[in-house]
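Worksheet: one structure, shown below.
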Amino acid sequence: MFDNRFITLIRMPERPTRPALQERYDRRRQAMIASAAEAFAKRGYDQTTMQDLAASMGLATGAVYHYFDGKEKLLLAICDDLMEPLLARVREINDSSPVDRLRALIRVWVAHVVEYSDHMLVFQQERHVIERDTQWRGVRESRKAFERIVRDALLEALPDGEGTRDRRIELGALLGMVNHTALWCRPGGRLTTEEIADGYLGLILGPL
């Protein structure tokens with residue numbers, strides 16, 4: 001096992017100030033996050049040790065601790081890499097009609113889930129932790145902000161002819177369908193991400 005006394009002596013490096021070194025630092029850090037997401041998705045977070053992660057990356061364990069001071073920090077980085085880019089992209093959507101906005105949102109969302117399928121699987125597996133601990137407040141806030149955007153786009157696009165019907169059914173169905181795309185869809189499959197997204201939209205809104 002890795003000597004915990006040694007871990008406490010490792011100083012987490014500050015991000016370099018020179019652009020070339022920043023790029024190298026960020027690239028290596030992102031590669032570690034992607035490798036950790038793949039390992040956690042396949043083996044489970046609890047079953048994967050820092051030694052396992054280092055071995056899968058071809059690194060000494062101390063090299064991983066040089067960037068992340070523990071497995072939980074890697075999990076947090078995985079969740080941030082999943083939520084923050086998605087939230088930024090959907091905030092930029094400004095299609096004119098409500099249905100077009102919802103279609104564009106779902107297309108962005110599905111493509112992101114497929115691209116970051118390991119991250120999404122890990123997020124779903126560890127959601128019980130994310131929903132509880134205070135250190136995950138930022139991740140929870142990002143998730144809630146995203147879900148509010150989806151809810152508002154959905155409410156604008158749905159027809160008004162059904163009185164005061166509770167729209168949580170449609171919202172829950174859409175969240176479940178899109179997020180679980182990570183379980184079965186892979187890039188290069190028979191269906192494109194746009195075809196999948198438009199299929200989901202049709203299930204929610206009916207024939208357009």
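The values are calculated or read from the model by the stated rules, or taken from the named source; none is laboratory data. These figures come from a predicted structure and were not determined experimentally. Methodologically, a virtual Cβ is constructed for each residue, glycine included, from the backbone with ideal geometry; neighbour enumeration extends over all protein chains shown. With ligands, DNA and RNA removed, areas are computed over all heavy atoms of the protein, side chains included. Shrake-Rupley method; radii C 1.70, N 1.55, O 1.52, S 1.80 Å.
Laid out as a table, the results:
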| read-out | value |
| --- | --- |
| Residue of R190, R101, R151 that the Gaussian network model of the chain assigns the largest fluctuation, springs spanning Cα pairs under 10 Å | R190 |
| Fraction of accessible area attributable to carbon and sulfur, the chain (%, probe 1.4 Å) | 51 percent |
| Ratio of Rg to Rh over segment 46-156 (Cα coordinates, Kirkwood Rh, two decimals) | 1.07 |
| Acute angle (nearest 10 degrees) that the helix 193-205 long axis makes with the longest principal axis of the chain, alpha-carbon atoms | 50 degrees |
| For the chain, built as a Gaussian network whose Cα springs stay under 10 Å, the top-fluctuating residue of H112, H128, H180 | H128 |
| Over segment 104-208: Rg over Rh, Cα atoms, Kirkwood Rh | 0.99 |
| Pairwise centroid distance, computed over Cα atoms, of segment 66-104 with segment 182-208, Å | 19 Å |
| For the chain, the longest site-free run once GluC sites (Glu not before Pro) in DSSP loop states with at most 14 other Cβ atoms within 10 Å are removed | 15-91 |
| Helix 98-115 axis, angle to the chain major axis (alpha carbon atoms, nearest 10°) | 30 degrees |
| Euclidean distance of C-alpha centroids, segment 108-140 and segment 24-64, integer Å | 17 Å |
| Neighbourhood net charge (14 Å Cβ-Cβ; Lys/Arg +1, Asp/Glu -1) for D52 | +1 |
| Solvent exposure of the chain as accessible area per residue, Å², 1.4 Å probe | 57 Å² |
| Of L158, L105, L74, the one that fluctuates the most in a GNM where the chain has Cα springs shorter than 10 Å | L158 |
| The chain: Cα Rg divided by the 2.2 N^0.38 Å rule of thumb | 1.18 |
